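Beneath this line is the structure, given in structure tokens, with notes to follow.
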Amino acid sequence: MGYFLTILVTALSLLVVDIVLPGVNIESFAVALIAGVVIGLVNTFIKPILSLLTLPINLLTLGLFSIVINGICFTLAAALVPGFQAHGLISFLVAPFILSLASTFLNKYFAERNADLKPNT
């Protein structure tokens, strides 16, 4: 899937999170697109560093500390993008999970639609 479609899926998933969780607010679709780019950059550059630094804690908690790392990355992205707010413990813990579920569903949907549009050879 192309980079633009990945950003679009992330933006749509963020809008789903905005609808489901009261602690997450996104002002517009344009803000959701920017937030999708920022979340991708945070997950690419900052999340691996955090994961490496917290590896001992993650091993002790049998991987459950990854939920906290995801929350930190989500909240950091919200802090960097004007018009995208995440408030409270519920949004810190649950929003990345809902974002992941929605992204997985939409990626699968668009992959199937893309396969249906390809000509049979």
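What follows is calculated from the coordinates using simple rules that are stated; it is not laboratory data. Values in this document were obtained by computation on a predicted structure and should not be read as measured data. Cβ: placed from backbone, ideal geometry, glycine included. Neighbour counts: every protein chain shown.
Axis angle, to the nearest 10 degrees, between helix 29-53 and the longest C-alpha principal axis of the chain: 50 degrees.
I need the calculated FRET efficiency for the pair PHE4 and ASN25, taking r as the beta carbon distance and R₀ as 22 Å, to the nearest 0.05. The partial results should precede the final answer.
Values: r = 25 Å, r/R0 = 1.13.
The value I calculate is 0.35.
The Cα center of segment 43-82 and the Cα center of segment 99-121 differ in position by 28 Å.
Ignoring everything except DSSP H segments at least 4 long, calculate the 222 nm mean residue ellipticity for the chain; use -39,500 (n - 2.57) per segment, divide by total residues, nearest 500. Spell out each step's value before the answer.
Numbers: 5 runs with 95 residues, N = 121.
Counting only the DSSP helices, I get -27000 deg cm²/dmol.
Taking Cα atoms, how many degrees apart are the long axis of helix 88-117 and the longest axis of the chain, rounded to 10 and kept between 0 and 90? Helix 88-117 and the main axis of the chain meet at about 20 degrees.
I need the peptides 104-116, 32-44 ranked by packing, meaning the mean over residues of other C-beta atoms within 10 angstrom, with the highest value on top.
Numbers: 104-116: 12.2, 32-44: 18.7.
Listed from highest to lowest mean packing, they are 32-44, 104-116.
Against the chain, whose longest principal axis is taken from its Cα atoms, helix 65-80 shows a tilt of about 70°. Springs join every pair of Cα atoms under 10 Å in this Gaussian network model of the chain, and among ALA30, ALA77, ALA86 the largest mean-square fluctuation is at ALA30. Computing Cα Rg over 2.2 N^0.38 Å for the structure here picks out one of (1) 1.14; (2) 1.52; (3) 1.84, namely (1).
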